Amino acid sequence: MNEERLHELEREVLRRKAVQSFPHFLDYTDPNYSRQWFHTLIAEKCQGLLLGRLPTDRLMVFVPPQHGKALEEHTPVLTTQGWKTHGSLQSGDYVFGADGHPRRVLANSGTYLWPCQRIEFAGGVSLLAAPQHEWQIYSDHDDHKGRVLERVETQQIFVRRHRRKPYIPADAVLQNAETELPFDPYILGLWLGDGIKKQGTIVSGDEDIAYYRSIALGHITLARKGYWRIRVEGLCKAARLLGLHSEKHIPLAYLLADASSRWALLQGLMDSDGTCDTRGNCEFAQKRGRLAEDVYTLLRSLGIKARKRHYRAKLYGKDCGEKTRIFFNPDRTQAVFRNPRKQNRLSEKTASDRNDKKRFFIERVVDVAPRRVNCIEVEGGMYLAGRDLIPTHNSEIVSRKFPAWALGYNPKLKIVGTSYAANLAQGFSRSIQRTIDSPEYKEVFPCTFLNSQNVSTDARRGYLRNIDIFETVGHGGFYRAVGVGGGLTGTPVDLGIIDDPVKDALEAASQTYRDRVWEWYTDVFLTRLHNNSKQCLIMTRWNEDDLAGRLLRTEPEKWTVIRIPAIREDMDFADDPREIGEALWEEKHSVERLREAEKRAPRPFAALYQQRPSVEGGNIIKREWFGTISQADFARIAKKTAPTFFIDTAYT
């Protein structure tokens with residue numbers, strides 16, 4: 001028997017098993033899936049829940065952050081303290097979210113060697129990421145009627161042929177609090193563009209000197225015909241204190257200032273050393289590499305997509321060194337210039353404003369050699385990465401694969417999937433639909449399929465299929481996506497899945513938000529369940545009073561709990577095959593690395609990695625203070641000394 005035939009037989013055996021076994025379904029539908037013991041355990045428990053083989057009809061799953069959702073360790077990331085590499089980020093650092101607001105880094109996995117792919121964007125921009133790293137992209141909908149925002153892994157971006165290139169939004173404006181700067185940002189921008197180093201002097205040509213006089217910029221003198229000097233009081237001292245005499249650059253305080261100050265800085269730079277043609281194409285050119293890179297970052301921080309080109313500058317055949325040109329095409333309403341001569345040209349440009357200027361189009365995804373990568377956990381999940389500030393994402397088995405298998409096993413099932421935000425729940429829905437549409441799924445469950453057309457509301461046109469709900473054709477089963485706080489109406493459901501009802505530590509710390517989640521669970525979610533309904537809750541334990549905490553406090557006997565810590569601490573969970581002190585996945589996250597993360601941020605580590613939340617100031621009594629003794633020693637000591645019991649009321 002040849003090797004190809006043997007492989008076909010093995011696949012056929014696996015296909016038949018996948019019909020009745022959720023773990024084997026994972027293997028069959030994704031041949032590259034590397035299933036570890038804890039993946040198998042979670043899959044078996046999910047299957048047991050659906051088939052009524054668990055002690056209860058309610059399942060809780062607590063696991064550490066996912067492995068493989070990583071970027072290459074040297075990827076630059078802009079923080080509120082300046083540029084850092086992805087691998088050097090620590091708990092407590094603040095990166096910028098996709099909405100431009102600072103987001104706290106909660107944990108860093110440490111680096112490990114992992115397969116990588118290079119995601120290449122139009123214009124030569126690229127990032128290195130693990131195949132499982134997640135992005136929020138706009139891509140063609142399957143019905144070719146529009147574009148949708150979906151959350152996909154690197155390896156899934158080109159899983160189907162796109163009519164148009166998928167893209168990532170490029171218009172995030174960094175939002176920082178207003179701060180007092182040591183010198184006017186507009187004037188500093190003028191000097192950085194056309195100022196004399198080590199002097200508080202700005203130079204200008206004839207065409208702009210009238211404008212500078214109109215704003216009383218400073219003392220103006222004619223140096224020679226067509227060449228003017230403008231001395232600004234206090235500018236020389238300010239430049240020296242900002243460290244600009246040795247090399248011109250944008251000081252960090254200005255690069256991370258509030259948006260209005262950054263716009264003023266850009267206006268100064270463009271008024272002095274920028275140009276604009278009749279089509280609105282703007283350019284900033286500099287021999288100083290550092291200043292050019294800073295201007296590029298400044299543009300990106302204002303949500304302006306730009307391109308860079310490096311070349312050798314020559315004058316009369318003489319090499320004058322490397323020069324950098326930065327090109328961008330802002331909207332006519334964006335005040336890139338303050339000088340009316342230049343701003344009027346932009347406002348009256350002949351070319352129309354195009355949306356593609358605000359998008360990073362993905363050209364291709366290429367496999368590369370394994371690199372050292374690391375995962376970070378960020379409040380809200382999304383953050384900006386790379387010099388181009390590209391938005392990237394920070395639950396697979398339970399929320400994406402399990403509903404697909406369940407609808408194949410029983411296409412009449414009615415399932416609700418929820419998360420803290422509606423768009424995240426909708427992302428689960430899209431992922432499930434992609435799985436059901438895949439050739440592998442059709443081989444396992446040929447009788448479960450969806451409408452080939454997008455049907456939003458009118459059921460008379462066919463079975464519903466959209467991002468909020470899809471129905472199994474001919475069976476009446478469905479999957480509905482809803483965010484926590486959203487309404488649930490209609491037919492009672494058979495299986496309800498709640499995936500992370502709380503976004504991050506800040507929400508979990510809010511008593512008001514925790515109460516809101518609890519009220520939604522009791523007043524909305526539970527009302528759609530019937531006597532035989534199943535519930536599955538998967539979440540990160542941020543707070544002892546979170547949804548899981550309240551349920552375990554009020555009805556512990558009704559829940560089957562799977563808690564899989566990154567480092568095993570006790571022998572309470574019999575299904576965990578590890579010894580005490582062993583890491584969950586030693587090859588990727590060693591005990592040494594995990595202990596380092598624990599030292600950097602003990603409380604976030606206890607919540608994120610150990611699924612053991614505590615209140616501030618709690619856990620006064622430490623586990624490591626206690627050793628073990630034999631029963632004989634205990635009996636001997638007890639005869640001589642009356643036992644004393646101490647209780648840490650904040651320990652969970």
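Checked against (1) of a type outside the set (Val, Ile, Thr); (2) over 19 Å from the mean Cα position of the chain (by Cα); (3) crowded, with 21+ Cβ neighbours inside 10 Å, LYS357 passes all but a single condition, namely (3). Of GLY483, GLY490, GLY496, GLY476, all but one fail to be at pLDDT 95 or above, of a type in the set (Gly, Ala, Ser) and under 28 Å from ASP437 (Cα atoms); the exception is GLY496. Just one of (1) surrounded by fewer than 17 Cβ atoms within 10 Å (Cβ to Cβ); (2) touching a Ser or Thr at 6+ places or on another chain (Cβ under 8 Å); (3) hydroxyl-bearing (Ser, Thr, Tyr) fails for SER88. It is (2). Against the list (1) under 25 Å from GLN155 (Cα atoms); (2) surrounded by fewer than 22 Cβ atoms within 10 Å (Cβ to Cβ); (3) at pLDDT 85 or above; (4) out of contact with any strand residue (DSSP E or B) (no Cβ under 8 Å at 6 or more places or on another chain), the condition ARG16 fails is (1). Scanning the range 300-340 for residues that are among the aliphatic types (A, V, I, L, M), out of contact with any strand residue (DSSP E or B) (no Cβ under 9 Å at 6 or more places or on another chain) and closer than 20 Å to SER272 by Cβ yields a single hit, ALA335.
Restricting LEU54, LEU59 to residues that are in a loop (DSSP other than H, G, I, E, B) and in contact with a Gly (Cβ under 9 Å, 6 or more places away or on another chain) narrows the list to LEU54.
At least 1 residues being modelled with pLDDT under 80 and surrounded by 13 or more Cβ atoms within 10 Å (Cβ to Cβ) is the threshold, and among the helices (runs of 4 or more DSSP H) wholly inside the range 545-616 those reaching it are 591-600, 602-608.
Counting only residues that are part of a loop (DSSP other than H, G, I, E, B) and either touching an Asp or Glu at 6+ places or on another chain (Cβ under 7 Å) or at positive phi (or both), the range 478-521 holds 5 of them. Here is the figure for the range 258-273: residues that are within 15 Å of GLU207 (Cβ to Cβ) and crowded, with 24+ Cβ neighbours inside 10 Å total 2. Does TRP542 fit the bill of being under 30 Å from LEU413 (Cα atoms) and either buried (at least 20 other Cβ atoms within 10 Å of the Cβ) or of a type in the set (A, V, I, L, M, F, W, C) (or both)? No: the conditions fail for TRP542.
The values are calculated or read from the model by the stated rules, or taken from the named source; none is laboratory data. Just so it is clear, the model here is predicted, and its values are computed rather than measured. A quick note on method: Cβ atoms are made from the backbone with ideal geometry, for glycine too, and the neighbour counts reach across all protein chains shown.
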